[in-house]
Structures are given as structure tokens and as C-alpha cells.
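First comes the structure, then the notes that go with it.
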Amino acid sequence: QVQLVESGGGLVRPGGSLRLSCAASGFTFSSYDLTWVRQAPGKGLEWVSRITSGGGSTYYLDSVKGRFTISRDNAKNSLSLQMNSLKPEDTAVYYCARRITYNSGNFYYSSWGQGTQVTVSS
């Protein structure tokens, strides 16, 4: 029963901050890269950030670099996304997901959470 549960979303003014959390259960948390993906209203899914299984490497969408910080606590089976200097274009439902790799570098995202709504007002 793999499960990811996002929390921490809400309404925030432009320039404000928000911290999202993702609680995981049902799998060996430290064995998987994890990602944050978002979906703005009427838009497709957009990858936001990735952190490797041990937390040693992080990757970001260009538009959030310097503003967002992804982190994980493998002892607590928890993934976080600290979002600072929020902009209206950050408004979206944010999801966490496992990054599953197979064969030679292929991957897909699985075990999506229910998502948490982030609204940045203007």
C-alpha cells in the first residue's frame, strides 16, 4: 500500500512563502528519487523539482531556481518543498511522486499523492 500524501498548500500573497510536505508510506523511502510536479489551472503537468534518493543531488525547473528548495528526511519518510518569493504563475496543484527508473535510464512517475493546492494571489 504505497501512499504519498501532500500537505501545506494554501493561499499566499505574491512574494510570500509556503512549505509543502509529502508524507510517504508503504515503500522503502530511501531507495527512490522523488519529485514535485504541478498542474496549473487548464494546463498540463509540469515537472518542478527532483531530489535523488539519498538527497545528494537536486534539480529544478529554471523558473523556480533560487526560489524553491527541495529536501527530504529519509528517517521520517518525508519530502518537502520550501517555496519562497512566490509568484502568481506558481499557482497550481502540487503533487509529489516517486521517480521509478528502469533499464537504461528510463523513468516514469508513480504513486502520485492527492495533491495540494497552492494559490498565489495578485
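No lab work stands behind these numbers, since they all come straight from the coordinates. Nothing here was measured: the structure is a model prediction, and the numbers come from that model. FYI the Cβ positions are ideal-geometry reconstructions off the backbone, even for glycines, and counts take in every protein chain you see.
When you restrict to C-alpha pairs under 8 Å that are six or more residues apart and normalise by the size of the chain, the relative contact order lands at 35 percent. If you run the Gaussian network model on the chain, springs between alpha carbon atoms under 10 Å, then out of 74, 106, 84 the most flexible one is 106. Rounded to the nearest Hz, the phi-derived 3J(HN,Hα) couplings of region 56-73 under the Karplus curve 6.51 cos²θ - 1.76 cosθ + 1.60 (θ = phi - 60°) are x, 9, 10, 9, 9, 4, 3, 5, 10, 4, x, 10, 9, 9, 8, 8, 8, 10, where x marks glycine and proline. Report the residue, chosen from 28, 58, 69, that carries the largest GNM mean-square fluctuation when the chain is represented by alpha-carbon nodes joined by springs under 10 Å. Top of the fluctuation ranking is 28. The HN-Hα couplings worked out from phi for region 17-32 by the Karplus form 6.51 cos²θ - 1.76 cosθ + 1.60 (θ = phi - 60°) are 10, 8, 10, 9, 10, 9, 9, 10, 7, x, 7, 6, 3, 6, 8, 10 Hz, whole numbers, x standing for Gly and Pro.
For the options 18, 79, 34, a Gaussian network treatment of the chain with springs between C-alpha atoms closer than 10 Å singles out 18 as fluctuating the most.
What you get for the chain, charging only the Cβ of Lys and Arg (+1) and of Asp and Glu (-1), is a dipole of about 120 debye around the Cα centre. Please give the net charge around residue 112, taking every other residue with its beta carbon less than 11 angstrom from that of residue 112, where Lys and Arg add +1 and Asp and Glu add -1. Combined, the nearby Lys, Arg, Asp and Glu give 0.
If I model the chain as equal point scatterers sitting on the Cα atoms and use the Debye formula, what is log10 I(q)/I(0) at q = 0.16, 0.17 Å⁻¹? Here the Debye-derived log intensity ratios amount to -0.71, -0.80.
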